[in-house]
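The values are calculated or read from the model by the stated rules, or taken from the named source; none is laboratory data. This structure is a prediction, so every number in the text was calculated from the model and none was measured. Methodologically, a virtual Cβ is constructed for each residue, glycine included, from the backbone with ideal geometry; neighbour enumeration extends over all protein chains shown.
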Amino acid sequence: MLGAYMRDLKLFLLYLLAVVVVGCLLAPLLYDAAQWLMEAGYLTFLARFRFQKYLNRGILIAALIFMPIFLMSLKMTSWKSLGIEKNVGKWRDLIMGFVFAALSLWLAASVLLIEGQRVWKTNISWFNIGGALLTALTVALIEEVFFRGVLLGVLRRHLSSYRALAILTVIFAALHFIRSPRTKVKIPEVEWHSGFTLLPKSFWQFSEPELILGGLLTLCLVGWILGYTVIKTRSLFMAFGLHAGWVFALRSFQFSTRKMGENNIWFGQNLLTGLAPILLLMLTGILLFFFFSRAESKRTAG
């Protein structure tokens, strides 16, 4: 048992190393391709993106490329082998998760509008709102398949469901806490090694106690809730809906309002930091606990 666990751990670390190295190498290629397209008059909106964005996308592409190889090396070639089963109520779970997450976060964020901390923009771009929805669906799909589908399934081969979830929650939160530098990093000329140069600077949030206490705790709650729904439903659909709803609310609120006041105890630099999102996520977890408990009681009684 220990030998199999160590083998899977080595394969995961090798997968992670391949993703980082290839992602850093891909970033300059993506950047150069974007520059070529803009010079040719196409996709000119890419001009607003810094090199950090291309590094993020390069790592994401590498993770997707190597994922099938990683799974085959673990001999996990079906969803059932990852603990995911057919869900007859998949659309109900997806829609319910999306609507609840989006509305609850927008309701919490409306406090900022009432207090004048944020105001409506005079010209709301519906293109940006549509982009927010597309981003939410894409991010949720990729991350739920990767974290709650693949990684949680791999961990559950050797650990109980909730021990596996605890470890995954820490991994999920730590990876999401790696952010582009707060200030623009000057890269005079993007070269093949620029990704490796920028990557260490993306860990800046770990040096700030306030961000660790606020943002990291929020991410841990998010990761736990999403994983909890997967364990209870044996499906990714409710987690996908919740994840997409939160991302959509976060980005659509950002696009449709502008900041006027300073950060406070309720909300920090965004809707993910502060006391309000922590309380909202705790309430969400409690409601889900009672929801699943009631559903299990009905199944047992039936």
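Points worth noting:
- Cβ-Cβ under 9 Å pairs, at least 6 apart or on other chains, segment 165-181 side closer than 24 Å to R50 by Cα and part of a helix (DSSP H, G or I), far side among the aromatic types (F, W, Y) and modelled with pLDDT under 75: A174/F206
- Test: residue in segment 150-158 that is at pLDDT 85 or above, out of contact with any helix residue (DSSP H, G or I) (no Cβ under 8 Å at 6 or more places or on another chain) and on the phi < 0 side of the Ramachandran plot: no
- Residue-level check: of (1) under 23 Å from A244 (Cβ atoms); (2) modelled with pLDDT of 85 or more; (3) in the same structural domain as L16 (by TED's automatic domain parsing); (4) not aliphatic (A, V, I, L, M), G58 misses just (1).
- Residue count for segment 97-123, restricted to those that are touching a strand residue (DSSP E or B) at 6+ places or on another chain (Cβ under 9 Å) and under 30 Å from S235 (Cα atoms): 1
- Tally of residues being among the small types (G, A, S) and under 25 Å from the mean Cα position of the chain (by Cα) across segment 3-62: 7
- Lone qualifier among G274, G245, G268, G261 - being in the same structural domain as L151 (by TED's automatic domain parsing), closer than 24 Å to L82 by Cβ and out of contact with any Ser or Thr (no Cβ under 6 Å at 6 or more places or on another chain): G245
- Within segment 104-128, considering residues that are within 23 Å of the chain's Cα centre (by Cα) and in contact (Cβ under 8 Å) with a residue 60 or more places away in the chain, the one surrounded by the fewest Cβ atoms within 10 Å (Cβ to Cβ): N128
- For L134, the conditions (1) touching a residue at least 60 places away in the same chain (Cβ under 8 Å); (2) out of contact with any Leu (no Cβ under 7 Å at 6 or more places or on another chain); (3) in the same structural domain as L151 (by TED's automatic domain parsing); (4) assigned to a helix (DSSP H, G or I) all hold with the exception of (1).
- Here the condition is being within 20 Å of E143 (Cα to Cα) and hydroxyl-bearing (S, T, Y); of Y31, Y54, it holds for Y54 alone.
Here is a yes/no grid of residues against (1) touching a residue at least 12 places away in the same chain (Cβ under 8 Å); (2) touching a Leu at 6+ places or on another chain (Cβ under 6 Å); (3) crowded, with 23+ Cβ neighbours inside 10 Å; (4) more than 15 Å from H176 (Cβ to Cβ):
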site: G227; (1), (2), (3), (4): yes, yes, yes, no
site: L236; (1), (2), (3), (4): yes, no, yes, yes
site: A249; (1), (2), (3), (4): yes, yes, yes, yes
site: F253; (1), (2), (3), (4): yes, no, no, yes
site: T257; (1), (2), (3), (4): yes, no, no, yes
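- Considering residues of segment 54-90 that are small (G, A, S) and assigned to a loop (DSSP other than H, G, I, E, B) only, the residue nearest to H193 (Cα to Cα): S78
- Test result for L152, under 17 Å from K232 (Cα atoms) and assigned to a loop (DSSP other than H, G, I, E, B): no
- Any hit, segment 103-116, residues being under 23 Å from L275 (Cα atoms) and outside any helix (DSSP H, G or I): yes
- When S293 is tested against (1) over 25 Å from R156 (Cα atoms); (2) part of a helix (DSSP H, G or I), exactly one condition is not met: (1).
- Yes/no for A27 being assigned by TED's automatic domain parsing to the domain that holds D8, surrounded by 13 or more Cβ atoms within 10 Å (Cβ to Cβ), touching a residue at least 12 places away in the same chain (Cβ under 8 Å) and within 30 Å of S160 (Cβ to Cβ): no
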